[in-house]
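Read the structure below first, then the notes.
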Amino acid sequence: NALDFLKDSMLSKQVWRENGGYIEKPPFPKEKTDVQVQEIRRDNDTGEVTLKITPKYGDKVYYEVGGTATTASQLIENLNEFKTADIKLSFLCVDSTNEHETGEPFEWKNKIDLKYRIIDRGDHKIVEFQTLPSADIKYTTDGSNPKENGGIYQSEVVVPKNTTFVLAIAEAECIYSEQISIKLDWDPNKKFEIDRSKKLT
């Protein structure tokens, strides 16, 4: 087992590398540039996200909104606190010393939060939707899939009488929110009941 022990030792020390079942020995080609994107915080009131951009094997990062980043794109000045409310961004890391070859752009996708509220207006129930960031909303009141059969939300929805569930989903640039299911209670006399099997907190 001497060769196996030698291989394991050299790989663990990162003197050798394994690639597709083959062992590679130095000198190795320089790694291409890359970028890591980390979400630091999200403002739930505005949809703005603060990102930390970490360049790998490079020192400059460019970004593009809704397209592919190139060296002609906008240069990021503050890598530790990059703020955006956009749905989709492309980042490109570049090594200004030309020691490392420029790698592929990295695509970051935002998360769409779909919110709602129910308004009782006389005998009618009204449902209002809001998304952060801005996105198109589709909904159904017959229990069918809103992604496929939904109507386009434009303003508050007057829910048909005795509708049990309103289903909704939001989409922007092929990015979807989680589908939400809104249960409606039409009984005006229904009261809250205490579940005596659960402890009081």
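Considering only Cα-Cα distances, which of the following residue pairs are longer than 30 Å: Lys60/Lys111; Lys56/Lys83; Lys60/Lys138; Lys147/Lys183; Lys56/Lys138; Lys109/Lys147? In this structure, Lys60/Lys138; Lys56/Lys138 exceed 30 Å between Cα atoms. Binning the C-alpha pair distances of the chain at 5 Å intervals from 0 yields a P(r) profile of 1, 6, 11, 11, 10, 9, 9, 9, 8, 7, 6, 5, 4, 2, 1, 0, 0 %, listed from the shortest bin outward. In this structure the range 84-147 gives 54 Å² per residue of accessible area when probed at 1.4 Å with all protein chains present.
In the range 1-143, the portion of solvent-accessible area held by carbon and sulfur atoms comes to 44 percent [1.4 Å probe, whole percent, DNA, RNA and ligands not counted]. Relative contact order of the range 123-163, taken over Cα pairs closer than 8 Å and 6 or more residues apart, is 49 percent. For Lys7, a cut-off of 16 angstrom between C-alpha atoms picks up these lysines, skipping any fewer than 8 places away in its own chain: Lys25. Between Asn149, Ser134, Gly122, the Cα set farthest toward the positive side of the dipole of the range 81-175 (charges on each charged residue's Cβ, about the Cα centre) is that of Gly122. On full extension, the segment bounded by Asn98 and Arg196 gains 28.3 nm, given 0.36 nm per residue less the C-alpha separation. For the pair Lys161 and Thr54 in one chain, pulling the backbone fully straight at 0.36 nm per residue adds 33.2 nm over the alpha carbon distance.
What does the convex hull of the alpha-carbon atoms of the range 47-161 project to on average, in nm²? For the range 47-161, the mean projected area of the Cα convex hull comes to 9.6 nm².
The values are calculated or read from the model by the stated rules, or taken from the named source; none is laboratory data. Computed from a predicted model, the values in this text were never measured in an experiment. Cβ sites come from the backbone with ideal geometry, for glycine too, and all protein chains shown count toward neighbours. Only protein heavy atoms, including side chains, enter the accessible area calculation; ligands, DNA and RNA are left aside. Shrake-Rupley method; radii C 1.70, N 1.55, O 1.52, S 1.80 Å.
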